[in-house]
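Before any comments, here is the structure.
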Amino acid sequence: MRTWISLAVLLCATAALGQDTKSVEKLAPYYPTPETVVERMLKLGGLKAGEKMFDLGSGDGRIVIMAAEKFKADATGVEFDADLVKESSTRIRSLGLEKRARIIHGDIAKQDFSSAALLTVYLLPTSNSKIRPLLEKQLKPGTRIVAHDFTFQDWTPIKEEHIEDDGEGRSHTLYLYVR
Ligand SMILES: C[S@@+](CC[C@H](N)C(=O)[O-])C[C@H]1O[C@@H](n2cnc3c(N)ncnc32)[C@H](O)[C@@H]1O
C-alpha cells in the first residue's frame, strides 16, 4: 500500500515538473558567448569581488564561472535546460566554486533579481522587451546590466563596446545600462 502511495506521489511530482518545463518560454536558443567576450562583459559591468551577479539564461555556465573564479563575485545563473544545468553545476563543483557560484534550474521570468549588483544578458531582442518590465520592477537603483549584441528598447546605454574580432572572426557589441 505504502509503495503505491509513494509511486502516486512520484508520478504527480513528475507530471508537475513536466508541466513546469513545458510552460517555460524559450527566450533564446543556446549560443555561448566566447570566453574572451565574457571577460569583456564582466569588465564593462565593473564587477567587483563579493558583488552579486546573475546571468539570465546561463547556458554552460561560463559567465557565472568566470565571475566567481576570476572576479571573486557571488554568481548565480538561471537556466531552464536540464542538460545545461547539469553540465554547468558539475563544472562548478569540479572547480570547487560552490560557495560563490550556483545555477538555478528555472525560468528567467520567475526569478527575483532584486539583490543583483550586475546582470548579464544574451537573449533575443524581443525577449529583452519581454523581461524589461520585470527588471524595471525588481532592480534596485544603480544595478548594472550588460547586454550582449541585443539592446533593451527604450533604455539608453551609458556605454557601448564593439569587439571587431573575437579571435574566430565574429564581431560583438556590448551595451552597459544602469538602472
Ligand atoms: C544565447 S544563450 C546564452 C548563454 C550564456 N548566457 C552565454 O552568454 O554564454 C541563451 C540561454 O538562455 C537559456 N534560456 C532561454 N530561455 C530561458 C528561460 N525562459 N529561462 C531560463 N533560461 C532560458 C537558453 O537555454 C540558453 O542557454
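To the nearest ten degrees, helix 2-22 and the longest principal axis of the Cα atoms of the chain are 30 degrees apart.
What net charge is computed for the residues neighbouring Glu79, neighbours being all others with C-beta under 12 Å from the C-beta of Glu79, Lys and Arg scored +1, Asp and Glu -1? So the environment of Glu79 carries a net charge of -2. Taking other C-beta atoms within 10 angstrom as a stand-in for reagent exposure, Thr151, Thr120, Thr76, Thr143 fall in the order Thr151, Thr143, Thr76, Thr120, fewest first. Report the FRET efficiency, 1/(1 + (r/R0)^6), for Glu160 and Thr36, where r is their Cβ-Cβ distance and R0 is 25 Å, rounded to 0.05. Step by step, r from the Cβ atoms, then E = 0.90. Rounded to the nearest 10 degrees, the angle from helix 125-138 to the longest Cα principal axis of the chain is 80 degrees.
Which of Lys52/Lys137; Lys110/Lys159; Lys110/Lys137; Lys26/Lys110; Lys110/Lys140; Lys110/Lys130 have a Cα-Cα distance over 21 Å? Table pairs above 21 Å Cα-Cα are Lys110/Lys159. Counting only DSSP beta bridges whose two residues both lie in the stretch 27-178, roughly 35 percent are antiparallel. Compared with the dominant principal axis of the Cα atoms in the chain, helix 82-94 is inclined by about 70°.
Could you state the number of Å between the C-alpha centres of the stretch 112-136 and the stretch 24-100? So the separation of the two Cα centres works out to 15 Å.
Since every read-out is calculated from the coordinates, none of them should be taken as a lab result. Values in this document were obtained by computation on a predicted structure and should not be read as measured data. No Cβ is skipped: glycine too gets one built from the backbone with ideal geometry, and neighbour counts run over all protein chains shown.
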